[in-house]
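Data block below; observations after.
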Amino acid sequence: MTFVNPYLFWILIIPFILFAILISTNKEKLSRVFDEKVLKRLSASDETIPLAVRNITMFAAIFLMIVALARPVIEKGDKVVDVKGLNLVVGLDISGSMRSTDLYPNRLEFAKMKISEFFEAMPGDEISVLAFAHSPFILAPFSADKQTLQMMVEGVDDSYMSMESTDFSELGILASEVLEKKAPKIVVLFTDGGDEEAIAGFADILEEHHIDLYVVLIGTTKGAPVLTQEGKPYILEDGTIAITQRNDALLSLAQKSGGEGIVAGHGEEDIRELAARIKNRYQDEQQGEVRIKERVELFYYPLGAGLLLLLIALSSIPRRSVERKKEK
């Protein structure tokens, strides 16, 4: 038998011993510490239970409660538990092109809505969220608390967005670091895409780190003007308005990496189907193993015995009442 909290035993046992000695041997000093009524109750010299027996019972009760607080257990060794579920990284595109309004109200808000649907479709899985444009960053660490993740995603607004070009290579490096100790390694991007040149280095990183890429493309092929933070069309150096269209190059990259991609539409069916495919593909995978200590808890035995003794010690049967009953 061992104690989970042995420090509690040693912290409490010393004042307990001093208290017991004080009550048992020095009544004069004791009267200076305790109120007369309390002291009279502890003494109980006019009751049927002898003072010595009552004190011993009280001390035994307190001692057993201290033992219970120290939490005695019988160790049965370590137990390995398999943790089911997946670890996924969700990436949210916050480049300036996500301000475009070819999807209502704009691509960013539409992407956030689709991410919310994805969270609902993956209730028991651990998800980390990255935001990416020119410089990616971790928006939320791995968590199965979808409400908290949703709050973090909802907090992304126009102020986060960057007019610089998206650096998919930096995104790949950060994703590989976040997924370093995870298996399988899954990245799900919500983005309006990128051209062949932009994603060339990204493909190499995915292959090197064995990352499966899934893509949810946001936007239309018709496209829409790129807007500034003030809501005005972004003007290029040649004086023309910048138009951004959904680029589907990431779809082929996703398939090449072992994943797949979809074009986001209205309704939840597309995201639910994507989540179902991910689950079905990795249904035999698991997050890993967790080693826990298997124990038999014993604290309730000294706790129960201590409460019983405390009840006996505090019970009172006045002698006068007993004598009256005998006279009758």
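Below, the figures for the structure above:
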{"item": "Packing rank of 65-71, 232-238, 190-196, 156-162, where each peptide gets the mean count of other beta carbons within 10 Å, highest leading", "result": "190-196, 65-71, 156-162, 232-238"}
{"item": "For residue 261, residues with placed amide H under 5 Å, excluding near neighbours", "result": "215"}
{"item": "Student exercise, region 151-273 dipole from Lys, Arg, Asp, Glu Cβ charges, in Debye to nearest 20", "result": "260 debye"}
{"item": "At most 12 other Cβ within 10 Å, DSSP loop - trypsin sites (Lys or Arg not before Pro), region 151-226", "result": "181, 222"}
{"item": "In region 52-128, the chymotrypsin sites (Phe, Trp or Tyr not before Pro) that fall in loop regions by DSSP, at most 14 other Cβ within 10 Å", "result": "none"}
{"item": "Two-decimal ratio, region 86-284, of alpha-carbon radius of gyration to 2.2 N^0.38 Å", "result": "0.96"}
{"item": "Cα-based equivalent ellipsoid, region 221-263: semi-axes from gyration tensor eigenvalues, Å", "result": "30, 10, 9"}
{"item": "Cα-based Lys proximity count in region 86-284, under 22 Å, for pairs eight or more positions apart or on separate chains", "result": "18"}
{"item": "Under 13 Å, Cβ to Cβ, from residue 272 - net charge with Lys/Arg +1 and Asp/Glu -1", "result": "-3"}
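Readers should treat all values here as calculations from the given coordinates under stated rules, not as data from a laboratory. Please read these numbers as outputs of a predicted model, since none were measured by experiment. For neighbour counting, all protein chains shown are included, and Cβ atoms are generated from backbone atoms with ideal geometry for every residue, glycine included.
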